[in-house]
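A.B. asks: Could you have a look at this structure, given as structure tokens, before my questions?
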Amino acid sequence: MSFQFIDTHCHFDFPPFVDDAEGSLKKAAAAGVEKIIVPAVEASRFERVLSLAATHSPLYAALGLHPIVIEKHTEESLELLAEQIASKPQKLVALGEIGLDLYREDPQFERQVYFLEAQFKLAKRYDLPVILHSRRTHDKLAMLLKRHNLPRTGVVHGFSGSLQQAERFVQLGYKIGVGGTITYPRASKTRDVMAQLPLSALLLETDAPDMPLNGYQGQPNRPEQAARVFECLCELRSESPDEIAETLTGNTLKLFAGL
């Protein structure tokens, strides 16, 4: 039986996809990936992401300011984000990719928090779910989410924290993104988390072209790999593949109302 998937996180505005959008979408469709959410990472990419969504029916847009390029964000970036969201572009389904990151040597953490909270206010004002990045910051992010109490919640993407941290996000109403990390046998902590969380808390994603799957290291990740992530998730879970596929899709459509 063939399944239908939604890749809830693919940076389709980057190579190798931008050079061959039609070909890339055909490959994704052949693997059952029928819809793809494309999160922007900085203001200079907003137009490109919106244009991709407007041009290609499987693509949907999210706009946000990512913490990993914190030095590129300005007050003007926030103003542009607010303007773009206020114009209610067709196929804009979320605010993202936003969040916190303590991976870099000089993370400018206070600045990250400032931009994140400003974007939370926009998510609240325009009733949009958020696509969240969190690296070495799960506890800090959970505290901020609790404080801001966003009405539409969102997803913590590419999650690789502990079960306790994941459960805290789920208790706050957030989904957890399941990606290629679970294809690595050595990623036992993340595999255990995805096996134990309620199925109702999970979304499927690739983070393409980043986060290549096991066996594909050194190659750009691709949206069609969502099918392999799904297969791996089915091996970890007790539910039937039918139930897993149906629930993942239902979770996604419920969170991202514009899909």
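Please treat every number below as a calculation from the coordinates, not as lab data. Note that this is a predicted model, so its numbers are computed, not measured. Positions of Cβ are backbone-derived with ideal geometry, glycine not excepted, and every protein chain shown enters the neighbour counts.
A.B. asks: On the principal axes of its Cα set, how long, how wide and how thick is the chain? Give whole Å, largest value first.
C.D. replies: Principal extents (largest minus smallest coordinate, Cα): 48, 41, 34 Å.
A.B. asks: On alpha-carbon atoms, Rg over Rh for the stretch 116-167 using Kirkwood Rh?
C.D. replies: On the Cα set of the stretch 116-167, Rg over Rh gives 0.96.
A.B. asks: Quickly estimate the mean residue ellipticity at 222 nm for the chain, helices only: each DSSP H run with n ≥ 4 gives -39500 (n - 2.57), and the total goes over all residues, rounded to 500.
C.D. replies: Rounded to the nearest 500, it is -12500 deg cm²/dmol.
A.B. asks: Still on this structure, I have one more. Answer with one residue from Leu197, Tyr103, Asn251: the one whose Cα lies farthest towards the positive end of the charge dipole of the chain, charges on Cβ with Lys, Arg +1 and Asp, Glu -1.
C.D. replies: Going by the charge dipole, the pick is Leu197.
A.B. asks: Taking springs between alpha-carbon atoms closer than 10 angstrom, which of Gln119, Gln164, Gln84 fluctuates most in the Gaussian network model of the chain?
C.D. replies: Checking each option, the largest mean-square fluctuation is seen for Gln164.
A.B. asks: About the Cα centre of the chain, what is the dipole size in debye to 20, counting +1 per Lys and Arg Cβ and -1 per Asp and Glu Cβ, all else neutral?
C.D. replies: Its charge dipole is roughly 560 debye.
A.B. asks: For the stretch 87-233, what Kirkwood radius comes out of the mean inverse Cα-Cα distance, in Å?
C.D. replies: Hydrodynamic radius (Kirkwood, Cα only) of the stretch 87-233 equals 16.0 Å.
A.B. asks: OK, next. Roughly how big is the stretch 53-203's charge dipole about its Cα centre, with Cβ charges of +1 (Lys, Arg) and -1 (Asp, Glu), in debye to the nearest 20?
C.D. replies: 540
A.B. asks: I would also like to ask the following. Which one, Asp192, Asp207, Asp19, has the greatest fluctuation when you compute a Gaussian network model over the chain with C-alpha springs under 10 angstrom?
C.D. replies: Its mean-square fluctuation being the largest, the pick is Asp19.
A.B. asks: Would you be so kind as to identify which of Gly218, Ala166, Ala94 lies farthest towards the positive end of the dipole of the chain, taking Lys and Arg as +1 and Asp and Glu as -1 on Cβ and the Cα centre as origin?
C.D. replies: Farthest along the dipole direction, towards plus: Ala166.
A.B. asks: Now a separate question. Can you sort His133, His138 so the residue with the fewest Cβ neighbours within 10 Å comes first?
C.D. replies: Neighbour counts put them in this order, fewest first: His138, His133.
A.B. asks: Further question on the same structure: Exceeding 32 Å between C-alpha atoms, which entries from my cross-link table qualify? They are Lys88/Lys146; Lys35/Lys189; Lys27/Lys140.
C.D. replies: Working: Lys88/Lys146 27 Å; Lys35/Lys189 29 Å; Lys27/Lys140 38 Å.
Beyond 32 Å between Cα atoms: Lys27/Lys140.
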